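**Student:** Below you'll find the structure I mean.
Just so you know, all these numbers are worked out from the coordinates, no wet-lab data involved. Note that the structure is a prediction, hence the values are computed from the model and not measured. Cβ placement follows ideal geometry from the backbone for every residue including glycine, while neighbour counts extend to all protein chains displayed.
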Amino acid sequence: MADHVTQTYQDLGYDRIFVSLDGSDEQNRILDRAVLMAANDNSELYIGHVIDSTALEAAGTFPVDVIPALEKSFRESIAGRVKAAEATPEIKKVEVLVRAGRIRETLKDEMLDVIEPDLVICGARGLSSIKYAILGSISTFLTRNTTCDTLVIK
């Protein structure tokens, strides 16, 4: 066996990669993987985040003034990585989409149906069995409700 293995990359044919981020501690690792894959495939990279309005709606009122602050916080949390992706010549386009709404519907209707990605990347959040039974899993939703490949990163 050779001491040194040369790694080569193969374009997998993805032109539009969408990565769904949830604001968790794992989002940077997931975004890093998406940037690498987009560069490898000379793809467009779309970074999506949905501010969950269900918790805000449950409070009885929908404080719209909190949405811009949450969006700003999210954008700041990924700003360095977005800038690095934009500076990567192999990535054709980088776009960050932030919307407020019910996560599943907003992801599908306002992001995935509009972008029509070839690949969706998301993280696998470790929900307790009770939370999973009530909330379901966004990664499960994405794998079942998209017509393209889905990569769930653990």
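**Student:** Can you tally the net charge around Leu36? Count Lys and Arg as +1, Asp and Glu as -1, for every other residue whose Cβ sits under 14 Å from the Cβ of Leu36.
**Tutor:** Numbers: positive: Arg29, Arg33, Arg81; negative: Asp11, Asp32, Asp41, Glu90.
Charge balance in the 14 Å sphere: -1.
**Student:** Can I ask one more? Fewest Cβ neighbours within 10 Å first, please rank Glu116, Glu44 accordingly.
**Tutor:** Numbers: Glu116 12, Glu44 19.
Going from sparsest to densest Cβ surroundings: Glu116, Glu44.
**Student:** Need one number: nm distance between label points at Ala79 and Ile67, each 7 Å from Cα along Cα→Cβ, rounded to one decimal.
**Tutor:** Once both label points are built, they end up 2.3 nm from each other.
**Student:** Could you name the lysines whose alpha carbon sits less than 23 Å from that of Lys154, not counting residues in the same chain fewer than 8 places away?
**Tutor:** Filter leaves Lys108, Lys131.
**Student:** Can you list residues whose amide H is under 5 Å from Ile121's amide H, if they're 5+ apart or on another chain and H is modeled 1.01 Å from N?
**Tutor:** Hits under the 5 Å cutoff: Phe18, Val19, Ser20, Leu151.
**Student:** Place a point 7 Å from Cα of Asp11 in the direction of its Cβ. Which residues in the stretch 63-92 have their backbone N less than 14 Å from it?
**Tutor:** 90-92
**Student:** Would you mind calculating the gained length between Arg29 and Asp52 on full extension (0.36 nm times residue separation, minus the Cα-Cα distance), in nm to one decimal? Could you put the intermediate results ahead of the total?
**Tutor:** Values: separation 23, 0.36 × 23 = 8.28 nm, distance 2.14 nm.
Gain in length upon complete extension: 6.1 nm.
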